[in-house]
1. Taking θ as phi - 60°, what are the ³J(HN,Hα) couplings along segment 22-34 by the Karplus curve (6.51, -1.76, 1.60), each to the nearest whole Hz, with x for Gly and Pro?
2. For segment 10-42 and segment 72-146, what is the centre-to-centre distance using only Cα atoms, to the nearest Å?
3. How charged is the neighbourhood of L148? Take every other residue with its Cβ under 14 Å from the Cβ of L148, and add Lys/Arg as +1 and Asp/Glu as -1.
4. Points 7 angstrom from Cα along the Cβ direction at T13 and S174: gap in nanometres?
5. Towards the positive end of the charge dipole of the chain, with charges on Cβ (+1 Lys, Arg; -1 Asp, Glu), say which of F109, L31, H138 has the farthest Cα.
6. Return a whole-number percent for the relative contact order of segment 46-185, with Cα pairs under 8 Å and 6 or more residues apart as the contact set.
7. Taking amide H atoms as placed 1.01 Å from N in the peptide plane, list the residues 5 or more away in sequence, or in a different chain, whose amide H sits under 5 Å from that of T91.
8. Hey, if you put +1 on the Cβ of every Lys and Arg and -1 on every Asp and Glu Cβ in the chain, which of L81, T154, N53 ends up farthest toward the positive end of that dipole?
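Each reported figure results from applying straightforward, stated rules to the coordinates on display, with no laboratory input. Quantities reported herein were computed from a predicted structural model and do not represent experimental measurements. Ideal geometry is used to build each Cβ from the backbone, glycine not excepted, and the neighbour counts take in all protein chains shown.
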Amino acid sequence: MTAVTLNLNAITTLTHDQFWELSLTNRDVRLELTAQGELIVMPPTGWESGKRNSSLNGQLWNWNERTRVGISFDSSTGFILPNGAVRSPDTAWVASERLIALNPNPEGFLPLAPDFVIELRSATDRLKPLQEKMREYHANGVRLGWLLNPQDQTVEIYRAGKEVEVMRSPTELSGEDVLPGFVLSLKGIF
């Protein structure tokens, strides 16, 4: 089953507070809000994607626990991007100094673009919407992003100020200068 996009502009424009309330009252559904005010309803993933997402989050969390240089987030976290969209990457990370400077309310969506994101293409995801989402992250200040595509055995790497790089069948990925010392093993992902 694929995501469904609802255009609510004919009847309402959701504020971030209203979208937060909608998300709270529909906890069993993953929701995102585009910068154009469209509501994206995403079904739960299958077990294979869930297993892969767990591996991605676990590896990032373990690295972050050792380094203590930021905070890692799973796919249930909403980020309000500078363009107004509320997005929930499969995996995300934010440097500690940015969170300290922001001093965000612990309830609600985090009003910033993460430093790092991963999107994992599940068997039912279409590639083009994921690529558009990655470009949106990139345009809104994400410094490093990986689009993992197990179906095609590719990774698209989005870096600030650079063209997208496509890697074929990599076994691991480096966090580069955004996540110093982080190496993601793709064993079990591809």
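1. Running phi through 6.51 cos²θ - 1.76 cosθ + 1.60 with θ = phi - 60° gives 4, 5, 5, 7, 10, 4, 7, 10, 7, 10, 9, 10, 7 Hz.
2. Taking the Cα centre of segment 72-146 as reference, the centre of segment 10-42 is 16 Å away.
3. Numbers: positive: K51, R52, R121, K133, R168, K187; negative: E48, D90, E119, D125, D152, E156, E165, E172.
Taking every Cβ under 14 Å from that of L148, the sum is -2.
4. 4.5 nm
5. The residue sitting farthest along the positive end of the dipole is H138.
6. On the way: 236 pairs, mean separation 23.7, N = 140.
Rounded, it is 17 percent for segment 46-185.
7. Distant-sequence amide H within range of T91: I118.
8. Final value for the positive-end residue is T154.
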